[in-house]
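Since every read-out is calculated from the coordinates, none of them should be taken as a lab result. These numbers come from a predicted model, not from an experiment. Note that each Cβ is placed from the backbone with ideal geometry, even for glycine, and that neighbours are counted across all protein chains shown.
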């Protein structure tokens with residue numbers, strides 16, 4: 001596939017970045033053509049962590065398949081589960097009790113903060129600043145501890161199920177979330193001091209990987225990647241699910257389209273998530289945390305599509321049912337897959353150092369891309 | 001309702017349309033040769049303005065394959081589902097990667113997992129499967145792998 | 001006051017008494033060599049440990065704390081591990097150059113030790129072109145990096161080496177110019193003269209703003225010259241995995257690693273010597289009483305205190321700044337630092353001629 005010497009006829013260098021490379025944060029394999037330091041082409045090769053989740057789900061029942069999806073975008077495992085649960089509920093036409101809805105949204109937003117924290121640290125590490133990583137992990141650990149107490153797991157929560165959530169919240173949940181919010185508000189200033197306000201950082205990010213709004217839509221970019229280009233695509237606002245329609249929060253839009261805009265979208269989004277949590281944490285309704293559902297779920301014949309906003313963008317779950325206990329075909333439209341496809345477009349003409357900044361701000365999670 | 005307006009709009013555009021009943025969004029079933037012209041019209045028509053292809057996949061119905069395209073408009077926020085029936089032995093359909101760029105990657109995925117041939121695709125190569133993959137397409141219903149596949 | 005010159009002359013007298021002059025000179029040279037190698041090893045261990053402790057402190061964690069009391073033996077354990085590891089040579093590498101490069105790096109670092117005054121009268125070789133010697137020898141460092149990158153036959157290594165070449169050659173200019181501004185004021189290239197000229201105050205205080213400017217330029221330029229973050233483009237682990245030493249392992253890697261830290265020590269020592277008075281205690285003009293009190297602090301303590309302060313500053317850079325991009329790096333040098341240090345040298349020269357400094 002590649003020439004023996006790794007050099008194109010024009011004399012450009014072909015460099016393999018990955019599948020084991022510090023900047024890809026996983027097993028992404030990019031074949032890049034370099035002219036000196038300038039990138040001429042980026043070609044992603046996928047499949048190093050493809051587990052064929054779609055095929056696996058075809059032989060799992062509607063209760064079982066949700067747990068596999070935690071392993072897709074493992075940083076927003078909760079939101080993946082949420083999407084699947086919502087899709088099954090859409091088919092079953094089950095009404096989720098208000099308490100379960102609030103719990104789901106609370107955990108979703110906590111997951112989003114944790115995911116953005118990890119992104120922040122990892123992206124800073126990509127462009128050469130190590131210290132933010134540890135500061136980000138301090139907050140992320142707190143969230144993971146809260147999750148562990150309620151869900152029993154720190155990363156792959158598996159807390160959602162069709163009809164509601166697995167169990168009630170832990171009694172400590174409210175107090176710990178409140179103290180986390182206090183801690184977080186105190187620390188957010190540190191982030192700005194450490195990285196956002198740094199002149200080197202700004203120069204590394206500004207006008208790097210500019211993505212026009214038209215390209216963002218055409219390439220199917222979603223989430224903070226598209227919102228950094230000014231494309232309104234927050235599923236929580238456009239197609240509200242659960243209690244997102246009742247809470248007050250802003251859809252963050254930046255118009256620059258460059259890496260700095262994408263960065264700022266995520267930083268500001270974390271504060272919006274805090275806002276949502278603050279509104280909901282005191283008013284968790286009383287009642288059931290689960291709707292009554294049958295032991296064996298059977299979806300009626302038909303097609304069901306559910307989209308949710310994960311930390312990376314729009315996750316679509318498309319279930320084709322033949323009326324049995326297992327899905328006939330299931331498709332996950334993962335945000336990372338489409339966001340990755342734009343990399344070649346925005347990376348061309350940039351420097352090698354820009355590539356890691358772009359990959360950082362696209363927030364690629366490889367298991368999410370490969371599924 | 002949004003969907004009814006859309007149905008009326010599209011009916012004007014096409015002479016013999018048949019919308020599938022049920023489902024969240026209006027669903028059109030087309031022949032393989034009708035797809036590309038319709039896609040271009042859907043994207044470029046100012047009243048429809050379907051500029052965002054948010055999902056592209058394929059379903060193996062054992063007798064035939066069905067390509068499913070989920071479209072939406074970022075301007076009007078209406079959505080449409082296009083379905084194309086394909087022959088199972090020699091599936092081929094016009095590529096939409098020039099209409100919506102996101103289709104390029106999704107079509108490559110469908111190409112290797114279902115074996116659908118996308119005509120005029122700019123770069124139809126294996127994306128996920130290892131180079132030199134021989135054998136059946138993994139997401140087809142008759143795919144068997146005695147070593148790696150676990151039946152529950 | 002006790003000084004090292006007594007010790008040196010004592011050893012010299014004792015040796016010449018017993019052996020003929022040629023043999024005693026040889027023995028003295030061997031002793032000096034052993035001293036340098038020991039200092040080298042100790043510096044490597046101390047600086048690696050210091051880096052890890054400083055980074056841990058900045059990153060709200062503890063750092064090494066298991067090996068020995070408070071983890072002070074950690075770098076010893078690391079060295080032991082690197083010693084027993086296999087030093088692989090890639091099949092397609094240029095084997096001679098590949099194995100030669102780390103030694104060149106370490107030889108350069110050792111040569112640079114010669115003219116540095118560690119304390120009063122403790123200097124291996126007080127040659128009359130000391131500063132020129134330092135800037136000349138330190139530029140050989142880039143050759144070892146280029147050899148390492150080229151001979152590895154690895155694209156990452158090659159790119160790292162090329163980046164490093166561009167970087168070191170450019171930043172040598174402003175480092176040299178800021179060193180020159182001190183030389184202009186002193187009127188001598190000899191290290192002992194430079195230190196002696198600061199007996200009534202360090203140059204950074206005596207030289208008004210131009211000296212402060214050249215001190216800052218010097219620190220930025222030497223950070224770049226030693227390939228330390230935020231100028232660590234030659235290694236840039238998120239872009240080039242490990243840059244020019246991607247293919248190195250075991251002791252060969254350790255030599256590069258050691259050379260990096262010793263280079264950091266040397267440039268900080270040079271900075272301390274030129275701008276902060278080297279081993280010269282903190283003196284203020286003609287305040288005899290104050291100066292006398294300051295003299296009670298041993299000169300070696302002054303030297304190492306100042307040097308480690310500068311090392312800490314350079315480590316501080318590394319753990320708080322993101323990395324620059326290659327074009328920004330060269331822009332910084334050619335568009336900002338070089339013009340600034342040229343103008344600064346001009347101003348300093350005028351100052352020296354008119355005698356405006358203290």
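Tabulated values for the structure
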quantity: Solution diffusion estimate, µm²/s, Stokes-Einstein, region A:160-200, Kirkwood Rh from C-alpha pairs, 20 °C, viscosity 1.002 mPa s; calculated: 163 µm²/s
quantity: Separation of the residue C:17 and residue C:330 label points, Cα + 7 Å toward Cβ, nm; calculated: 6.3 nm
quantity: Rounded to 10°, Cα long-axis angle of helix A:173-191 versus longest principal axis of chain A; calculated: 20 degrees
quantity: Chain A: relative contact order as a whole-number percent, Cα under 8 Å and 6+ apart; calculated: 25 percent
quantity: Ranking of A:205, C:251 by count of other Cβ atoms within 10 Å, fewest first; calculated: C:251, A:205
quantity: Whole-number percent relative contact order across chain C, with pairs defined as alpha carbons under 8 Å at least 6 apart; calculated: 22 percent
quantity: Global geometry of the protein assembly as shown, whether rounded, prolate or oblate, following the gyration tensor of its Cα atoms and the 1.5 cut on a/c; calculated: prolate
quantity: Cα gyration tensor category, rounded, prolate or oblate, for chain A with a/c compared to 1.5; calculated: oblate
quantity: Gain in span if fully extended, residue A:154 to residue A:255, counting 0.36 nm per residue against the direct Cα distance; calculated: 32.9 nm
quantity: Separation of the residue C:287 and residue C:30 label points, Cα + 7 Å toward Cβ, nm; calculated: 5.0 nm
quantity: Stretchable slack from residue A:51 to residue A:322, in nm (0.36 nm times residue separation minus alpha-carbon distance); calculated: 95.2 nm
quantity: R0 of 60 Å, Cβ-Cβ distance residue C:99-residue B:44: FRET efficiency to nearest 0.05; calculated: 0.40
quantity: Per principal axis, descending, Cα span of region C:182-289 in whole Å; calculated: 56, 27, 25
quantity: Efficiency of FRET between residue A:192 and residue A:145 - r from beta-carbon atoms, R0 30 angstrom, step 0.05; calculated: 0.75
quantity: Within the protein assembly as shown, helix-based [θ] at 222 nm, where runs of 4 or more DSSP H residues each add -39,500 (n - 2.57), nearest 500; calculated: -16000 deg cm²/dmol
quantity: Principal-axis tilt of helix A:77-92 within chain A, Cα atoms, nearest 10 degrees; calculated: 50 degrees
quantity: Cα-based shape type of region C:88-354, given that a ≥ b ≥ c are square roots of the gyration tensor eigenvalues and the cut on a/c is 1.5; calculated: prolate
quantity: Peptide A:130-136 - average C-beta neighbours from other chains (10 Å radius); calculated: 5
quantity: Acute angle (nearest 10 degrees) that the helix A:352-362 long axis makes with the longest principal axis of chain A, alpha-carbon atoms; calculated: 10 degrees
quantity: Computed over chain B: relative contact order in percent, which uses C-alpha pairs under 8 Å that are six or more apart; calculated: 18 percent
